Amino acid sequence: MTTVKPFSANPRNRRWARRFCMQALYQWEITHADMSTIEAQFLQDENLDRVDLAYFKELLSGVVEQLDLIQSYIKRYVDRQVSEIDPIELSILRLSIYELLKRPDVPYKVVVNEALELAKAFGATDGYKFVNGILDKVAREVRRDEISQK
C-alpha cells in the first residue's frame, strides 16, 4: 500500500505527476476502465517515489470531475470531433486545460510548456504544434488577465 507524501510544489515532482497523470488519462481513454481502478493500479505498479502524489491524485480526479467543462473548451477550438483526436494529445489537452482552469497558482506558461514537453515525448511527430495551438487559445480566454500582465 502506497502512502501519500505531503504536498510538494517541487517542479520536478509535479512534472512527474503530470507525466503519470497523462499516462493514466490515456489508459482511461483507451480502456474505458473506472478511473479509481486505474489510479489504484498506478499507485501499486509504478515507482512513484519522485511524484507529487497529492498533485497526481488532484489532477486525475479533477479531470474526471470537470470533464464536461474541459471538453467544451476542446470542442470550441478543435476543427474535428473529439473522438478523432489522438488519445495521447487528448489526454495532454484534458490535463492542461484542467490546470489552466482550476490551478491559477500554476503560471499558464508553465502549463503550456509542460504540455509541450509531454507531447514531444509521447505524441505524434508534430502533435506538440496541435497541443500548443489549442492551449494558446484556451489560455487567452481563461487566463486573459495573467497574459495581459506580461
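The values are calculated or read from the model by the stated rules, or taken from the named source; none is laboratory data. Here the structure is a predicted model, which is why all the values come from computation and not from measurement. We place every Cβ from the backbone using ideal geometry, glycine too, and count neighbours over all the protein chains shown. All accessible areas refer to the heavy atoms of the entire protein, side chains included, with ligands and DNA or RNA removed. Shrake-Rupley method; radii C 1.70, N 1.55, O 1.52, S 1.80 Å.
To put it simply, the accessible area of the chain at a 1.4 Å probe is 47 percent carbon and sulfur.
If I fit a long axis through the Cα atoms of helix 53-65 and take the longest principal axis of the Cα atoms of the chain, what angle between them do I get, 0 to 90°, rounded to 10? Result, in degrees: 50.
The helix-only estimate of mean residue ellipticity at 222 nm for the chain, built from DSSP H runs of length n ≥ 4 each weighted as -39500 (n - 2.57), is -23000 deg cm²/dmol after division by the residue total. To the nearest 10, the accessible area of E65 is 140 Å² with a 1.4 Å probe. Counted by Cβ distance under 11 Å from E65, the other residues give a net charge of -1, where Lys and Arg count +1 and Asp and Glu count -1. For the listed peptides 42-54, 85-97, 13-25, 66-78, a ranking on the average number of other beta carbons within 10 Å per residue, highest first, reads 85-97, 13-25, 42-54, 66-78. Between S72, Q23, P87, the Cα set farthest toward the positive side of the dipole of the chain (charges on each charged residue's Cβ, about the Cα centre) is that of S72. Nearest 10 degrees, 0 to 90: what angle lies between the long axis of helix 108-122 and the longest principal axis of the chain (Cα atoms)? Result, in degrees: 70.
Could you tell me how far the Cα centroid of region 41-55 sits from the Cα centroid of region 88-134, in Å? That distance is 20 Å. On full extension, the segment bounded by D136 and Y77 gains 20.2 nm, given 0.36 nm per residue less the C-alpha separation.
Each Lys or Arg adds one and each Asp or Glu takes one away; over the other residues whose Cβ falls under 14 Å from the Cβ of K137, this sums to +3. The angle between the Cα long axis of helix 67-77 and the main principal axis of the chain comes to about 30°, on a 0 to 90 degree scale. In this Cβ point-charge picture (+1 for Lys and Arg, -1 for Asp and Glu), the chain has a dipole of about 580 debye about its Cα centre. At 7 Å along Cα-to-Cβ for each site, give me the label-to-label distance between Q41 and K109 in nm. So the two model labels end up 3.8 nm from each other. Taking 0.36 nm per residue of sequence separation and removing the Cα-Cα distance, the H32/D49 pair yields an extension gain of 3.4 nm.
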